[in-house]
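A short worksheet on the structure shown next.
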């Protein structure tokens with residue numbers, strides 16, 4: 001059974017989140033499991049403002065999604081403490097993260113025979129972008145390319 005770990009703030013659920021989870025679940029395979037880490041408020045605030053939704057709400061949202069097999073709390077912005085405990089076969093990363101963070105994740109995953117898969121980041125599928133458009137009264141996020 002293949003374990004895949006993917007992690008999110010999940011303050012606003014959008015198509016980018018769903019596509020990443022759908023892809024992660026496909027990589028896990030029919031008999032595999034997708035484990036989703038939801039960042040605690042404290043973990044988010046290492047790099048971003050406090051989420052609008054509470055941790056409990058974000059955790060429950062993740063649990064409700066059909067691609068997700070298990071949801072766990074992620075107490076740091078980095079997934080590495082959870083990855084070291086869970087030892088998944090695959091860690092899903094976003095190209096929005098720094099090369100250094102991705103390389104560090106690769107080294108940790110290689111220690112127990114796992115690997116990192118980097119998924120492209122699409123700025124039009126961004127909670128921050130959606131929030132900014134709401135604040136600025138734009139009413140919709142930037143159109144994604146079709």
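Quick note: the coordinates plus some simple rules give every number you see, no bench work behind them. As the structure is a prediction and not an experimental result, all values here were calculated from the model. Reconstructed Cβ throughout: ideal geometry from the backbone, glycine too, with neighbour counts over all protein chains shown.
Multiplying the residue separation of residue 112 and residue 64 by 0.36 nm and subtracting their alpha-carbon distance yields 14.2 nm.
With a Förster radius of 22 Å, plug the Cβ-Cβ distance of residue 102 and residue 75 into 1/(1 + (r/R0)^6) and report the FRET value to the nearest 0.05. So the FRET efficiency works out to roughly 0.60. Taking each residue as 0.36 nm, the span from residue 136 to residue 46 lengthens on full extension beyond its C-alpha to C-alpha distance by 29.9 nm. A crude spin-label estimate for the pair residue 30 and residue 87, with each label 7 Å from Cα along the Cβ direction, gives 2.7 nm. Over all pairs of different C-alpha atoms in region 3-135, the reciprocal of the mean inverse distance, the Kirkwood hydrodynamic radius, equals 14.9 Å.
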